[in-house]
Amino acid sequence: MRIARFTTGDDPAYGLVDATGTKIAEITGDPLYTKIELTGTTHAVEDVRLLAPVIPRSKVIGIGRNYADHAAEMGNEAPAEPLMFLIPNTAVVGPGDPVVIPPLTSEVSYEGELAVVIGRLCKDVEPEEVSKVIFGYTCANDVTARDLQRGDGQWARAKGMDTFCPLGPWIETDLDPSRLSLVTRLDGEVVQDGTTADLVHGVAALVSYASRAFTLLPGDVILTGTPAGVGPVVAGQSVEVEIEDIGVLSNPFVAR
Ligand code: MG
């Protein structure tokens with residue numbers, strides 16, 4: 001299933017998106033917590049405003065340097081164990097929402113990534129049990145202020161500023177994440193062309209590893225890292241992250 005969160009002007013609702021990505025069938029509640037039941041109302045996707053498909057209940061966990069080619073382009077080696085950081089849920093925005101570049105930074109980069117959405121409260125999950133706690137997958141842009149990343153030491157501002165974590169366009173619940181093409185476009189030009197087959201630490205390992213440090217809650221999100229090809233993005237440009245069998249997440253960048 002493809003599960004979207006959307007608004008037609010009223011309170012946000014959830015719906016099931018069809019295979020063509022053009023129709024959305026409204027459901028009664030939040031599918032993270034309630035059984036999926038159709039309301040009988042359908043919309044054309046183009047007639048609704050898609051929202052971030054999930055607002056993480058407690059946290060977004062980011063993983064740094066999880067593709068060897070990206071670690072190398074930044075002058076690093078991929079770490080032997082996953083390198084984790086936290087992004088506050090106030091950084092999350094949805095498809096089409098502007099990423100707002102604040103005056104705090106003059107060097108912002110896009111990072112196209114596969115995002116894992118957790119479906120169940122869990123802790124100390126064994127890798128072979130991870131599929132039971134995953135709700136689904138979506139696209140993410142792990143927007144990063146490189147100057148703050150270098151200067152701060154901690155990555156809280158660099159990765160966690162308001163609007164720096166676009167998610168969407170929807171959550172795909174039936175997906176094998178092990179070999180998906182991941183393409184990022186800057187103003188329509190391909191700048192990242194990777195595959196999740198190149199993840200240093202795969203999805204099962206990452207979720208298991210994160211769950212040893214943190215209790216994971218329904219709606220928590222884990223970003224799995226970005227392939228090579230990161231680069232600057234400035235106000236007036238837009239970035240698309242497309243992942244095979246999920247869809248396209250597109251966001252304009254603006255200056256505050
Ligand atoms: Mg990243």
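Before moving on, here are some points about what is shown:
- Once the Cβ-Cβ distance of S178 and K132 is raised to the sixth power relative to R0 = 25 Å, the FRET efficiency obtained is 0.90.
- Taking max minus min of the alpha-carbon positions on each principal axis, the chain gives extents of 53, 44, 28 Å, largest first.
- Taking the charge dipole of the chain about its Cα centre, with +1 at Lys and Arg Cβ atoms and -1 at Asp and Glu Cβ atoms, the residue from P177, H201, I243 reaching farthest to the positive side is H201.
- Remark: the chain carries a charge dipole of roughly 700 debye about the Cα centre, counting +1 on each Lys and Arg Cβ and -1 on each Asp and Glu Cβ.
- The calculated FRET efficiency for T90 paired with R256, based on their beta-carbon distance and R0 = 22 Å, is about 0.90.
- Given their separation in residues at 0.36 nm each and the Cα-Cα distance between them, D198 and T215 gain 3.4 nm when the chain is fully extended.
- Full-extension gain in nm, E107 to A25, via 0.36 nm per residue minus C-alpha separation: 25.5 nm
- Remark on L51: its backbone amide H falls under 5 Å from those of R5, F6, T7, a criterion applied only to residues 5 or more positions apart or on other chains, H modelled at 1.01 Å from N.
- The lysine pair count for the chain, using Cα distances under 22 Å and pairs eight or more places apart or on different chains, is 6.
- Subtracting the Cα-Cα distance of H43 and D124 from 0.36 nm times their residue separation leaves 25.1 nm of extension gain.
- Peptide packing for 163-171, 216-224, 69-77 was compared via the average number of neighbouring C-beta atoms within 10 Å per residue; ordered from the highest value, the list is 163-171, 216-224, 69-77.
- All-pairs Cα distance distribution in the range 1-137, expressed in whole percent, bin size 5 Å: 2, 8, 14, 18, 17, 15, 12, 9, 5, 1, 0
- Between L50, L104, L114, the residue with the greatest mean-square fluctuation in the GNM of the chain (Cα pairs under 10 Å linked by springs) is L104.
- Estimated [θ] at 222 nm from DSSP helical runs (n ≥ 4, -39500 (n - 2.57)) normalised by residues in the chain, nearest 500: -3000 deg cm²/dmol
Computed from the coordinates by the stated procedures, all read-outs in this text should not be read as laboratory data. Note that the coordinates shown come from a computational prediction; the quantities given were computed from them, not determined experimentally. Backbone-built Cβ (ideal geometry, glycine too); neighbour counts: all protein chains shown.
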